[in-house]
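Some notes on the structure that comes next.
The values are calculated or read from the model by the stated rules, or taken from the named source; none is laboratory data. Nothing here was measured: the structure is a model prediction, and the numbers come from that model. Every residue, glycine among them, receives a Cβ derived from its backbone with ideal geometry; neighbour counts consider all protein chains shown. Quick note on the areas: whole protein, heavy atoms, side chains included, nothing else; ligands and nucleic acids left out. Shrake-Rupley method; radii C 1.70, N 1.55, O 1.52, S 1.80 Å.
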Amino acid sequence: MASAFKTYGTLIGFVLVVVFFWIEIPDTFMTAKNWLNISQQVSMLAVVAFTMTIVMVMGDFDLSVGSMASLAGIVAALAFRDGHGVWVGVALALIVGLAGGLLNGALVAYVGILPFVATLGTLTVYSGLAFLVSGGKTIFGRDIPTTFSGFARSGIPLAETISLPSLTIVAALVLMVVWFVLEQTTFGRRLYAIGGNKEAARLAGIRVRRLRFLAFGLSGLGAATAGLMYASRVASANPTQGSGLMLDAIAAVFLGMTMSEEGEPHVAATLVGVLILGVLGNGLTQMSIDSYVREVLIGSIIVLAVATSSIGKARG
Amino acid sequence: MTASLRTRLPTAALFLSAVLAAGAAAAAGKIAVITPYLAQPGTQFYVEAFQEAAKDKAWDVNVIDTKGDVAAVISRLEDAATQKVDAVVINVDPAQVEAGLAAVKDAGIPVVGMDAGASPYLVTNVTSNGYAMAADTAAYVANRIGGKGNVVMFVFDAFPPVQVRGVIADAVFGNNPDIKVLDRVTPDVSDGGIADSRAKMEAILAANPDKGSISAVWAAWDQPALGALQAIEAAGRQDEGIVVTGIDANPQAREAIAAGGNFEASMAQDFHGIGKAAAEAVAQTLSGKPPKSSVVYVPTKLITADNVGD
C-alpha cells in the first residue's frame, strides 16, 4: 500500500486537482468540451515534453527546444511569404528542427560538451537566427495561408458542438510514436541503459555517442513540430513565441519522473505532468484566480511533488 | 508516514487555492481581461483604469497576463468561453487570437478591444486616433516653420497603426506649397529605432550642410525623433532652429521636450482614458446598447515645453 502511494503520489495529486475543480466548477469543468479544450491547449507543450523525455531518459537536457520552436515557426512563415506551399514550409521547418537537434547531439556526443552548456549555447544561436531571418518582425495576416492557420482550428466532429481538435491528434500521434520508441524498441532500452550508467552502457557494447546524437535529433524534430503547431494556432510567427515551452516541458518531465520507482522519465508519466500543468491553467482561469497566483501555485505544486517524491526515496 | 505526507502536501496546495477562490465572490458581472503585455507600462495604465472603473460597477474582474505568450491568450479565451463570463476585454492583435475569439463568440460572449486593433470579432476597439495625432504634430511643424522650408519625415509604412500617421502628415505638408519633404525615411527598427534613425539623420545633415537647409524633422513616433535630435546635436547644429516632433510622448521624449532643445512636441495618448472608456464600452454592451462604431477614439494631447511638466 505504502509503495503504491510512493509511485502514484503525483497521480493521486493530479486526481485530487481534477476532483477539486470538478467540485468548485461543477457546470463546466468536467465536460467533454472542456477536456477537449484542455487537450488542445496543452498539445504544443505535450509534443515538446514527449520528445524532451527522450533526451531526459539519458539524463540529458535540451534547453534549446523553445527557441527551436520559434525558429521553426519563422522558417515556415517565411517560406509561405515567399509563395511556397504549405507542405514546403512545413517540411523546411521540420528539416531545420532535425538539423538543429542533430547539431545539439553532435556537440554533446562527439565534441563532449555538457548538454546544459551545449544547448544553452544553441538556445541563443537559434533564437538569434529566428530574429535574424525574420528581421525581428511578427509574420502574420495574408502571409500565412488559411490552410495552415485553419489546421489548428479544425478537428474531427464528435457531436453537435464538439470536435476532436487536430492539434490534439498530432500530440496523440507523437505520444504513441515516442512511447513505442522508448518502451518497445532496443533503441529505447539502450537509451534507458545510458541513463542508468553511461560507462556501463558503453562497456556493454552500446554505441552511446551515436544514440545520444540521434536522441537530440528527435528532440529538435519535436520542438519544430510544436513550433509549427503554435504558428498555426496563432496564425502568425514571431521570433520569441516558443520561448515559454522549454521550462514547462522540463517541469512536466520532472513531474512525471516522480511517478517512477527508479526516478526515470517515462512518456506516459510525462503526459500526466503535462496534464497537471494544463488542468491548473484551465481550472484556475475558470475560477477567476489572479494569473500571478496561478504561476505561484503551479511552481509550488512542481516543487511539492518533486520534494515529496525525493523525501520518499531518501527514507526508502 | 511517507505515503501520508505525499498525499497531504498536494491536498494542502488544493486547500490554499480553495481559500483563494472563496475571495472571488459572485458579482454584478464577470469580466475577463486578457493580455500578453501586462509588463508594458501602457497596458498597466489601461488595466488599472479599467479595474478602477469596474470597482464602481461592482464587476468581478479577472486580469489574465500570459506573459508574452499569444497562444496562451487563445487558451484563456477558450476558458473564458467555457466559464461563461459576461464579457471579455483583450489587449492583443485580434488577428493572432482568432481561434479563441471564435470560441468566445460561439458562447455568445461580447469582446471589447482595449487598443487591440480592428476585428469583426470585436464589439468595438477603444484606442487613440492615429490620424488625429499625426495631424496635430504635422500642423505644429507647419505652423512653427511658417509654412515654408525643408522637412525630413521618419515613417514606418509596414506597421498599419504607424502607416496612417505618415499618410496624414503627407497631406498636411502637401497642403503647404512652400514646404518641401526633403526625405521620407523608414528607419531600421530592430534596435529600437533610435540608433538607425540617428545614422540616417547624420547622413541627411551631411548632405544638407547649409544653415536653414533643414527646417524640421517630423517623426511618426518618438524613437526616430530622439535619434534625429542626437544627430543634430552631435553635428553641432542645434542652434539652427530645426524643429523636431515625435508621437507617443514616452519618458525619454518628455525629458527632451522639457530640456527645451530642438525636440519641441509629441503626442500623449491617454492610457488611463482608454481603460476607462473600455469599461464604459463593456457597460454599454452589457446593458444591451453596444457602441455603434467599431472603433472608439480616446482624445490625445499635444505635449510641448509648456505642459510637459503637468
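Points worth noting:
- The residue of the stretch B:71-126 that is nearest to B:Ala277 (Cα to Cα), among those that are charged (D, E, K, R) and away from chain A (no Cβ under 12 Å), is B:Asp115.
- Per-region count, the stretch A:92-145, residues outside any helix (DSSP H, G or I) and open to solvent by 70 Å² or more (accessible area, probe 1.4 Å): 3
- Selection within the stretch B:227-260 - open to solvent by less than 10 Å² (accessible area, probe 1.4 Å) and over 18 Å from B:Asp306 (Cα atoms): B:Gly227, B:Ala228, B:Ala231, B:Ile232, B:Ile242
- Residue pairs whose Cβ atoms lie under 8 Å apart, sitting 6 or more positions apart in sequence or on different chains, and linking a residue in the stretch A:236-257 that is closer than 19 Å to A:Tyr126 by Cα to a partner that is open to solvent by 10 Å² or more (accessible area, probe 1.4 Å) and basic (Lys, Arg), are A:Gly244/B:Lys67.
- In the stretch B:90-123, residue farthest from B:Val61 (Cα to Cα) [restricted to those that are surrounded by 24 or more Cβ atoms within 10 Å (Cβ to Cβ) and polar (S, T, N, Q)]: B:Gln96
- Of the helices (runs of 4 or more DSSP H) that lie entirely inside the stretch A:26-91, those containing 3 or more residues that are more than 21 Å from the chain's Cα centre (by Cα) and among the hydrophobic types (A, V, I, L, M, F, W, C) span A:65-81.
- All strands (runs of 3 or more DSSP E) inside the stretch B:52-153 with 2 or more residues being modelled with pLDDT under 95: B:59-65, B:124-128
- Considering residues of the stretch B:160-183 that are under 17 Å from B:Asp222 (Cα atoms) and touching a strand residue (DSSP E or B) at 6+ places or on another chain (Cβ under 8 Å) only, the residue surrounded by the most Cβ atoms within 10 Å (Cβ to Cβ): B:Ala169
- Qualifying positions in the stretch B:48-80 - of a type in the set (A, V, I, L, M), within 23 Å of B:Glu98 (Cβ to Cβ) and in contact with a strand residue (DSSP E or B) (Cβ under 6 Å, 6 or more places away or on another chain): B:Val63, B:Ile64, B:Val73, B:Ala80
Residues checked against (1) within 27 Å of B:Gln96 (Cα to Cα); (2) out of contact with any strand residue (DSSP E or B) (no Cβ under 8 Å at 6 or more places or on another chain); (3) within 14 Å of chain B (Cβ to nearest Cβ); (4) not in a helix (DSSP H, G or I):
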{"position": "A:Phe148", "(1), (2), (3), (4)": "yes, yes, yes, no"}
{"position": "A:Leu164", "(1), (2), (3), (4)": "yes, no, no, yes"}
{"position": "A:Thr168", "(1), (2), (3), (4)": "yes, no, yes, no"}
{"position": "A:Ala172", "(1), (2), (3), (4)": "yes, yes, no, no"}
{"position": "A:Arg190", "(1), (2), (3), (4)": "no, yes, no, no"}
{"position": "A:Gly195", "(1), (2), (3), (4)": "no, yes, no, no"}
{"position": "A:Ala201", "(1), (2), (3), (4)": "no, yes, no, no"}
{"position": "A:Ile206", "(1), (2), (3), (4)": "no, yes, no, yes"}
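- Candidate set from the stretch B:170-201 (those that are farther than 18 Å from B:Gly246 by Cβ and either in a helix (DSSP H, G or I) or touching an Asp or Glu at 6+ places or on another chain (Cβ under 9 Å) (or both)); member that is farthest from the other protein chains (Cβ to nearest Cβ): B:Gly174
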